[in-house]
Every structure is written in structure tokens, then in C-alpha cells.
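Beneath this line is the structure, given in C-alpha cells, with notes to follow.
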Ligand code: CO
């Protein structure tokens, strides 16, 4: 990998790590999710990065894709499992990390961290997608806990969260082998027994997919923002309210979604309401796997 690109991956990872550390110090039961989101996203910018996606603040049976709504009054309370997924990019090079916060000790959190740690250890050149998934799955079984079976890790590239190959947290038979310098994000989600997530309301996160003609002027402007300002990375409805009214934002996104110009990311909820923990790091595959999002200094 080009040395300049490597530096950007490291910088993005370290911004995410520092923001995580600051957030951990600040969190208290009773805090509003909106306050936490604004703190995290402004800290990323202050440190010279940009959010690679709106911070995900997912409570309990919500696995992912919750980001605060307009004037969100939701709070995190004692005993809640709050999954905080932070993405930072520096010139498009992404650091993606997640952790779970709870005011009390919770075995699911430790289990997620342990599964992630084992996945990181095997992230060496030549490891296949299936072997990596199996290592994480075995780690969960050894601890007697389950995983969300339809959520996966993924690869990363400039301005991109790749779907190919995805990295399921289980043995799949996929013989695609990773090589030195590949950028991957591993993110096991732990539950008391194997679980499954379904799409659910609300949808607060969108991304630009392609340019398409739409009627509303605001919709055309939002599409261009999604493409040029957010680089076709995910953005939040919330980020548009300093320019447009909530009504105009909602109308515009409806038009854009109907035209396949943007894609929405609905909240993902465990189908039986089981509580979920999550841990995630970004890793550069190597003989010594490099975890870019681990706090270095
Ligand atoms: Co990720």
C-alpha cells in the first residue's frame, strides 16, 4: 500500500479511537442519544476527519442503523446496551469501529470483544472468508453465547463499504483468501442465543446511489449533496435540517428513494427482541494484523 494512503487509514482509525475514548468518559445513564451523536460527530470534525456515516446509536434489541431523529428525546438508561458505531474518513480512507456501552457489567459485551479479538488474530494473508467466519463462530460457541446470523463484517476501500466479499460470522465455504494490505472490518454481534435481525422503522440514514431526474428542487439539491458533499457515503436526515425543513427533507427523500436515486438504511431489530452487544475494529491484513482503530497513544 502507498505510504500516504496507509497514513490516512491510520489517521482515520486514530481519530475514531480517540473519539471513542472521549465518549466513554462522557457517557452516563439519562443522556440523550441526540447529545451523544452531536458530540461524536463534532469531535470527528474537530480532529480533522469527516464522519464516514452518521454515528449509529442502537439500543438493546436494535442492532444497527439507528441514528437520532429530529429533536430526538430518546435517552440511554441504566442497564441498557448501547451500541456505538463510529465511522471516520480522511480523504475517503475509512476507520470503522464499534463498541457497546452499559452502566452495568454485561457478559454479552465481553463476549463480543473476545470474538472480535480472535477474528483479528487470524486476519493474516491467506486466511479465507470462511476460516475467518468460523474462528469468530467458534469463539462464540466456546463462550456459550449466540451471534446475529444475518449481520456480517465487510471490506473497505476509498469512499466505500464493500459488499464483496462480505465476512459472515460463520463458516460459509467461501474460499476467497485475503491478502497483505486488504482493509477489513470485523463486527460480531452477540446475543444470548443465535439471533436474526429484520428491517424496521425508522429510516434516518440514506446514501446517494445514482443521479436521476426528480421534480422537487430540494430533492435535486439533496441528491447533489449526497454525491458531492457526502461522497456517496451514508448521511443522516438530521444533517439536512439546518438547510431544509423536516417536511421538505421527508418529501425529497421519498421522491429520491422512489426514483432509486438514494438508498435508505432502515433500523435493524432482533426479531424476538433479544438484546444485542457489538464490537468492531478496522484491520489491515498482514502477518501482524494492524488494528487501525485501536488507541495507540
Ligand atoms: Co462496519
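For residues that are over 22 Å from residue 57 (Cβ atoms) and buried (at least 17 other Cβ atoms within 10 Å of the Cβ), tally how many sit in region 203-233.
10
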**Asked** under 22 Å from the mean Cα position of the chain (by Cα) and assigned to a loop (DSSP other than H, G, I, E, B), is that true of residue 233?
**Response** yes
**Only listed residue being modelled with pLDDT of 95 or more and out of contact with any helix residue (DSSP H, G or I) (no Cβ under 8 Å at 6 or more places or on another chain), chosen from 242, 272** = 272
**Request:** Output the residues belonging to region 82-101 that are in contact with a strand residue (DSSP E or B) (Cβ under 7 Å, 6 or more places away or on another chain) and away from the ligand (no atom under 16 Å from the Cβ).
**Result:** 82, 101
**Fill in**
For residue 139, the lone unmet condition from (1) within 16 Å of the ligand (Cβ to nearest atom); (2) not assigned by TED's automatic domain parsing to the domain that holds residue 253 is (1)
**Request:** Select from region 161-202 the residues that are free of Cβ contacts under 8 Å to residues at least 12 places away in the same chain and within 14 Å of the ligand (Cβ to nearest atom) and write down the one among them that is surrounded by the most Cβ atoms within 10 Å (Cβ to Cβ).
**Result:** 162
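The values are calculated or read from the model by the stated rules, or taken from the named source; none is laboratory data. All values reported here derive from a predicted model rather than from experimental measurement. Note that we place each Cβ from the backbone using ideal geometry, even for glycine, and neighbour counts take in every protein chain shown.
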